[in-house]
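In what follows, a structure is listed as structure tokens, so that the remarks can point back to it.
Any read-out appearing in this document is the output of simple, stated calculations on the displayed coordinates, not a laboratory observation. Source: prediction; values computed, not measured. Cβ atoms come from the backbone with ideal geometry, glycine included; neighbour counts cover every protein chain shown.
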Amino acid sequence: MKCNMYRRRTQPNNGFTLIEVLVVIAIIALLFSIGVGSYRRVQVNARNVKKVELSRQYINALEFYYDENNGYPNYTTPMKCLGAGITSCQGGGLTPDASLNTELDEYISGPPADQGKVMWGEIDMAGITYVCDDGDDSDGVCEEYLLLWYLEGINQECGQATVQLNFPSFGTSVLTQCQYYSQ
């Protein structure tokens, strides 16, 4: 019997080549990066919708307050941060006002605070700000008001807001400023 030493033994291929494994890893990494980006957008949209809904609740509460008191809440300091249980809002420049929140408690339970972070660079622009516009009257009755809040991203839907402004990029953050003026 002759023996051929150059003869190869054929064995079934039971594994993957290195190229096949790397291609699969690359595809999984691509799908993962797309999924993470989509998840982040969904989170931002959910926070923005929650903020718009909270602002709508405050608008309704302030209208109920107006109906019963023939005016909106009026204070000597013009800007107030709405919501119980928060320590600051709008970049830390405003603190919540317990008396304003107590007055609105009858019309909005809590009153709820905006607990989400809306980062503009290193500044947290979370919160909803109330500004009484007493006009030129000295009667002490607030006849109009402004609500101001920020949403993450550019050209976001502000709900009932009458003015929408885009804040420029600060680092990686872009904000939409929403303003609601009572009529």
Order 39-45, 15-21, 119-125 from most to least packed using the mean count of other Cβ atoms within 10 Å.
119-125, 39-45, 15-21
Rounding to the nearest 20 debye, state how big the charge dipole of segment 18-181 is about its Cα centre with +1 on each Lys and Arg Cβ and -1 on each Asp and Glu Cβ.
1200 debye
Karplus (6.51, -1.76, 1.60) ³J(HN,Hα), θ = phi - 60°, over segment 97-107, in Hz, Gly and Pro reported as x
10, 4, 5, 5, 5, 5, 4, 7, 4, 5, 10
Just grab the label-to-label distance for Gln179 and Glu53, each label 7 Å out from Cα along the Cβ direction, in nm (one decimal).
2.8 nm
Neighbours of Val163 by Cβ distance under 15 Å: Lys/Arg at +1, Asp/Glu at -1, summed charge -3
